[in-house]
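Report on the following structure.
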Amino acid sequence: MTETTGATGEGTRAVRAGLPEPVKNEPTLPGPVFAAHFHLPGDVEGPYTYGRDENPTWTLLERAVGELEAPGRDDVETLVFASGMAAISSVLFSQLRAGDTVVMPDDGYQALPLVHEQLRAYGIQVRTAPTGGDAQLAVLEGARLLWIETPSNPGLDVCDIRRLVDAAHARGALVAVDNTLATPLGQRPLELGADFSVASGTKQLTGHGDVLLGYVSGRDAEAMTAVRRWRKLVGAIPGPMEAWLAHRSIATLHLRVERQSANALAVAEALRDWPEELGVRYPGLPGDPSYKIASQQMRRFGCVVSFTLPTRARAERFLDALRLVDDATSFGGVRSTAERRGRWGGDAVPDGFIRFSAGAEDTEDLVADVRRALRESTG
Ligand SMILES: Cc1ncc(COP(=O)(O)O)c(C=O)c1O
């Protein structure tokens, strides 16, 4: 039981998430515990024995994430990992066996094709379908696990989580949702029936571009035991310092998400209203193909906006001309970033496609910077 019990507003919940009961003369959020081993006389008993299995700093962070992903529920377990990919791999490789079938998106995070390759090498059948239009529904028959990424990165398509979960469960399949882009303040997949909510905490959850982290929240105790076992086997654990930094950052998650969502919407509107047709995508923009379903299942629409400039050269000039926006990969940080996504070669996007991550700058400054860079790059 943590001190947050009884806190109902999302901002209140975020600032107190995972805090221990107050102890006189102790800090509010205890510092990172650096320990490879713990004193362990006699029998091997928990909670803390060896540093690859458990750490008190992870415990507090796991409580914090759990309180955001599944407020008020004590049947949900959260485990933290060294990165989002470690978290994703822990679910896929702990739940699937040779001969199983998994349904994955074909427009998700660019490292997923590597995962598909590895799953196939282990004798697991991988079927893919796009996120938009709930197209994964059509290839569900016989699957053991359905993997959803909504909104998808970088295309920002959205699928109906509840509808896909119902269809998957009716066929006996588990469902995992990559909740990286939305964050738990944007959507709560477990409340929509998913078995796992999985995310990269490297992005908006921690939000300062200085930590790699991942987590899995799940409500099936047996499945989570297998995920925990996988973490122990592979050792893909976060350092105590990273875990502590992440917990510290969660205190401002609500503030950051509110500002960054507002900034993303303002940038999306500016791009929509620009005299050139830029194919802007943002799930929170009325009229966007994702808007209807996003409005049903999301409480905030995220900080990522995508759009397409006519050529690679124009996109590069645009990125060069931005002053408040760093040309960098990743997303979700308090400082805006943007990149020409095609430079990585992994996504099926045009040469001029830009993924833009709105930071926490003043809205009018950010929009003015984008407009100026659009103008200056026209040349
Ligand atoms: C949607 C999504 N899932 C997972 C990941 C992987 O996270 P990490 O880089 O923390 O391993 C990313 C990284 O960009 C991502 O965008």
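So here's what we get for this one:
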item	result
Residues within the range 9-30 that are free of Cβ contacts under 8 Å to residues at least 12 places away in the same chain, in a loop (DSSP other than H, G, I, E, B) and within 24 Å of the chain's Cα centre (by Cα), tallied	1
So ALA246, is it away from the ligand (no atom under 11 Å from the Cβ), assigned by TED's automatic domain parsing to the domain that holds VAL15, part of a helix (DSSP H, G or I) and surrounded by 23 or more Cβ atoms within 10 Å (Cβ to Cβ)	yes
The range 116-149, residues that are in contact with a strand residue (DSSP E or B) (Cβ under 8 Å, 6 or more places away or on another chain) and touching a residue at least 40 places away in the same chain (Cβ under 8 Å)	GLY142, ALA143, ARG144, LEU145, LEU146, TRP147, ILE148, GLU149
Test: residue in the range 109-130 that is within 15 Å of the chain's Cα centre (by Cα), away from the ligand (no atom under 16 Å from the Cβ) and open to solvent by 10 Å² or more (accessible area, probe 1.4 Å)	no
Residue pairs meeting the criteria (Cβ under 8 Å; at least 6 apart or on separate chains; first among the acidic types (Asp, Glu) and within 13 Å of the ligand (Cβ to nearest atom), in the range 205-231; second modelled with pLDDT of 95 or more and not in a loop (DSSP other than H, G, I, E, B))	ASP210/LEU245
Number of the condition not met by ASP74 [criteria: (1) at pLDDT 95 or above; (2) at negative phi]	(1)
Residue under evaluation LEU255, criteria (1) surrounded by fewer than 18 Cβ atoms within 10 Å (Cβ to Cβ); (2) hydrophobic (A, V, I, L, M, F, W, C); (3) not in a helix (DSSP H, G or I), criterion not met	(3)
Residue in the range 33-47 that is under 27 Å from the mean Cα position of the chain (by Cα), open to solvent by 30 Å² or more (accessible area, probe 1.4 Å) and over 29 Å from GLU222 (Cα atoms) present	yes
Residues located in the range 191-204, provided they are open to solvent by 10 Å² or more (accessible area, probe 1.4 Å), outside any strand (DSSP E or B) and within 8 Å of the ligand (Cβ to nearest atom)	THR202, LYS203
Unique residue being of a type in the set (A, V, I, L, M), modelled with pLDDT of 95 or more and not assigned by TED's automatic domain parsing to the domain that holds ARG335 when the list is ALA221, ALA294, ALA268	ALA221
Helices (runs of 4 or more DSSP H) contained entirely in the range 261-379, each with at least 2 residues that are touching a residue at least 12 places away in the same chain (Cβ under 8 Å) and within 21 Å of the chain's Cα centre (by Cα)	291-297
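The values are calculated or read from the model by the stated rules, or taken from the named source; none is laboratory data. Owing to the predicted nature of the structure, the values given are computational and were not obtained by experimental measurement. Note that each Cβ is placed from the backbone with ideal geometry, even for glycine, and that neighbours are counted across all protein chains shown. Just the protein is used for accessible areas: all its heavy atoms, side chains included, with ligands, DNA and RNA removed. Shrake-Rupley method; radii C 1.70, N 1.55, O 1.52, S 1.80 Å.
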